[in-house]
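Take a look at the structure below.
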Amino acid sequence: MARPRKSATAAAPSSPAGAAGLVSWAEVLGEALGRGVARGINAGLGSNGVGGGAPTYSSATPLQVGVRRRGRPPRAKTTGPVPPERRCKVDGCPNEARSKGLCSKHYQAERRRILAKGKSA
């Protein structure tokens with residue numbers, strides 16, 4: 001059985017009134033999409049720390065998007081010497097203790113020494 005035809009009262013794209021309405025709707029849609037894409041690009045550039053201007057890329061400085069350091073972040077340097085109660089327990093080390101009474105350098109050295117001793121046994 002054949003499908004019934006659409007009524008003549010509906011505006012078909014071939015009619016001048018329907019085509020003009022469809023064209024204006026497509027233009028509005030295109031402008032809205034363009035604004036949305038531009039907004040997304042600008043938001044992405046702002047989060048990279050590039051700023052408001054055009055990004056400058058070079059082979060010497062690769063993009064650092066989403067790159068995070070592993071481990072605990074380095075502690076901010078304070079002015080003046082470290083108080084004696086917060087110093088590394090290794091004699092002569094002026095650095096601040098971070099874990100188990102040792103500075104980062106001596107903690108890692110002790111950790112490597114223990115791991116090496118465990119492998120040789």
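Here, each number is a calculation from the coordinates, and none is a lab measurement. Note that the structure is predicted; figures quoted are calculated from it, not measured. Using ideal geometry, Cβ is built from the backbone for each residue, glycine included, and neighbour counts are taken over all protein chains shown.
Values computed for the structure shown
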{"quantity": "Hits among lysines - C-alpha to C-alpha of LYS89 under 29 Å, sequence gap 8 or more where chains match", "calculated": "LYS77, LYS100, LYS105, LYS117, LYS119"}
{"quantity": "Label point distance in nm, ARG86-SER99, each placed 7 Å from Cα along Cα→Cβ", "calculated": "1.9"}
{"quantity": "In range of the label at ARG112: residues from the range 67-106 whose backbone nitrogen is under 14 Å from the point 7 Å along Cα→Cβ", "calculated": "104-106"}
